[in-house]
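J.: Handing you this structure, nothing more for now.
What follows is calculated from the coordinates using simple rules that are stated; it is not laboratory data. Nothing here was measured: the structure is a model prediction, and the numbers come from that model. Here the Cβ is made from the backbone with ideal geometry for all residues, glycine too, and neighbour counts use every protein chain on show.
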Amino acid sequence: MKNSVVLAALVAAVALSACGKKEEAAAPAPAPVEAPAAAPAADQAAAAASEAAAAATQAASSAVDAASAAASATVDAAAAGANAAVDAAKAAADAAAAAAASATK
C-alpha cells in the first residue's frame with residue numbers, strides 16, 4: 001500500500017506540473033520609435049529662413065545706402081545746374097547792359 005500511495009502522489013505531482021499554469025515568456029519590448037525626420041528638416045528650414053532674412057536685411061540696407069547716395073548726387077547736380085543757370089543769367093544781363101550802354105553812346 002505504501003507503494004501505491006507513493007505512486008499516486010508521484011502521478012498527481014506529474015499531472016499537476018504538466019497541466020498546471022505555465023509561465024509564458026515575456027513579450028519582447030517594442031523597438032524604440034525613432035523621432036520623425038521632420039524635426040531636423042524644420043531646423044534646417046528655420047536656419048535657411050534666418051539666413052534669407054539676414055541677406056534680405058543686408059540687401060535692403062545696401063538699397064537704402066544706394067538711394068541715399070543717388071539722392072545726394074541728384075541734389076548736388078541740381079545745385080550745380082542752378083548755379084550755372086544763375087551764372088548764365090548774370091552773363092546775359094551783363095551782356096545786355098553792355099549792349100545798351102554801347103547803343104546809347
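J.: Compute the distance in nm between two label points, each set 7 Å from the Cα along the Cα-to-Cβ direction, one at VAL64 and one at ALA49.
T.: 2.3
J.: From the backbone phi of segment 72-84, what are the Karplus-calculated ³J(HN,Hα) couplings (6.51 cos²θ - 1.76 cosθ + 1.60, θ = phi - 60°) in whole Hz, Gly and Pro given as x?
T.: Whole-Hz 3J(HN,Hα) from phi for segment 72-84: 5, 5, 5, 5, 4, 5, 5, 5, 5, x, 5, 5, 5.
J.: Step through the residues of segment 49-60 one at a time and calculate ³J(HN,Hα) from phi using the Karplus curve (6.51 cos²θ - 1.76 cosθ + 1.60, θ = phi - 60°), rounding each to whole Hz and writing x for Gly and Pro.
T.: Running phi through 6.51 cos²θ - 1.76 cosθ + 1.60 with θ = phi - 60° gives 5, 5, 5, 5, 5, 5, 5, 5, 5, 5, 5, 5 Hz.
J.: Between ALA56 and ALA92, what length in nm is gained on full extension when 0.36 nm per residue of separation is reduced by their alpha carbon distance?
T.: 7.7 nm
J.: Once label points are set 7 Å from the Cα along Cα→Cβ at both SER102 and VAL5, what is their separation, rounded to one decimal in nm?
T.: 16.5
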